[in-house]
Amino acid sequence: MSSPLFRPIALGMYLLFFIAGLVGALVLPTFSLFLASEIGARPLLVGLAFAGIAVASIVYNHWLGHWSDKLKDRRPLIVLCCVLGVLACAVFAVSRDYLVVALTAVFLLSLSMVSFSQIMAFSLDYAEAEIPLERIPLFNAIMRAQIAFAWVAGPPLGFFLATYWSFAVNYTVAGGLYFVVALASLKLLPRLSKKQVSLDDNPAQLPSLTPAIKQSLVLCAIAFSLMWGVNNAYLISLPIHLKDNLQFAPQWMGWVMGTTAALEVPFMLLAGYYASRFRLINLIRCAAVAALLLYVGVYLASELWHLFILQIFNAIFIGVLAGLGVSVIQDLMPGRSGGASALYTNTTHAGNLLSSLMVGLVADFYGYHQVFLVNILLVVIALWVFGKVKSSRDLTPAVTP
């Protein structure tokens with residue numbers, strides 16, 4: 001097709017991001033249950049493992065994200081990270097020692113996750129060179145929609161494999177998919193031309209960010225971290241809350257997550273479509289309101305059908321946040337694809353760190369149900385911070401020579 005949104009390169013990136021999303025959908029939702037049920041770790045140790053992953057991921061993404069902007073080809077870095085993911089999944093499949101599993105998650109799994117942000121950075125390079133400015137949010141939303149498509153099937157499959165076969169089978173499948181991503185990245189992602197990467201090859205030629213832009217970036221980083229943090233706390237806590245407090249089989253968590261993913265795709269694409277008509281930050285604020293309604297509902301829910309109904313709010317929350325979040329950062333950091341991708345990805349890891357420690361402490365003393373009450377408070381804070389963020393349109397007079 002003539003549209004850059006549907007050229008072979010773009011279609012290859014969509015497929016690759018879908019497979020990468022499927023890996024995450026198999027590994028991450030089941031990991032807290034793996035630690036708690038299979039290994040027997042107490043809530044504090046579960047939280048510490050996730051916190052270690054988050055800290056390591058922040059370091060890796062910050063350093064590799066900015067360093068990768070100097071590379072002429074991101075593909076070898078993607079392949080290396082995926083190979084480390086294969087090794088991590090192999091350890092999860094065979095080891096039941098908490099220390100071995102936790103260290104593997106911190107030093108190998110977290111580094112393998114850099115492959116996701118590097119695929120995203122590759123897509124941003126392509127978008128800035130080939131896609132009209134007003135259609136970039138839609139392209140980013142389509143990219144992120146592949147993660148949603150993957151999460152429609154991934155969590156139900158992961159919990160099914162873990163429950164009816166074993167965690168070893170689940171992580172073996174995930175390792176195989178990591179290997180597929182490594183090979184496919186060389187086949188589906190061409191080396192971008194010098195024209196396409198000219199800005200990233202010469203980062204010194206980019207204008208410095210103004211103090212006003214830096215302030216908005218800091219505010220975005222704080223608010224996005226809080227939003228991804230409450231989502232991570234939800235993912236960690238809900239499987240165990242369902243099993244221990246509501247007395248439902250843990251595989252229902254897979255169906256709840258799959259329902260969310262199926263519902264969030266249209267919201268994600270609609271957000272990308274309407275991004276050219278409304279300010280991005282206003283759409284993000286709507287996502288925060290949806291998150292607030294979600295966690296109030298989850299805290300009060302006592303029946304399984306309540307949780308399925310509440311996934312409408314979860315779909316709006318994740319669909320808009322995941323579809324447009326990187327566009328907000330990219331809008332404030334033009335020409336810095338790797339840096340923008342790394343900053344946005346690091347908000348997920350910073351949120352994971354915050355939520356992992358929070359879940360570990362709150363659940364250890366008060367139980368997993370009270371985690372959702374803390375989520376409500378954090379979303380309220382994020383809403384206030386989002387209210388202080390200014391878009392590039394607001395800051396145009398400050399950056400005009």
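Condition check: open to solvent by 10 Å² or more (accessible area, probe 1.4 Å), part of a helix (DSSP H, G or I) and farther than 19 Å from SER166 by Cα. Does ILE19 satisfy that?
yes
Go through region 71-118 and give me each residue that's outside any helix (DSSP H, G or I), of a type in the set (D, E, K, R) and farther than 21 Å from ALA51 by Cα. Hits for region 71-118 are LYS72, ASP73, ARG74.
Filtered by the rule that a residue be open to solvent by 10 Å² or more (accessible area, probe 1.4 Å) and either outside any helix (DSSP H, G or I) or not polar (S, T, N, Q) (or both), region 282-300 gives LEU283, ARG285, CYS286, VAL289, LEU292, LEU293, VAL296, GLY297, TYR299, LEU300. Only residues that are open to solvent by less than 10 Å² (accessible area, probe 1.4 Å) and at pLDDT below 75 were counted in region 319-345, giving 8.
Screening the candidates ALA212, ALA204 for the property of being within 29 Å of ILE281 (Cα to Cα), modelled with pLDDT of 70 or more and surrounded by fewer than 23 Cβ atoms within 10 Å (Cβ to Cβ) yields one hit, ALA212.
Has region 59-67 got any residue that is in a helix (DSSP H, G or I) and within 23 Å of LEU26 (Cα to Cα)? Yes, region 59-67 has at least one match.
The values are calculated or read from the model by the stated rules, or taken from the named source; none is laboratory data. The model shown is predicted, which means the values in this text are computed figures rather than measured ones. No Cβ is skipped: glycine too gets one built from the backbone with ideal geometry, and neighbour counts run over all protein chains shown. The area values use the complete protein model at the heavy-atom level, side chains included, leaving out ligands, DNA and RNA. Shrake-Rupley method; radii C 1.70, N 1.55, O 1.52, S 1.80 Å.
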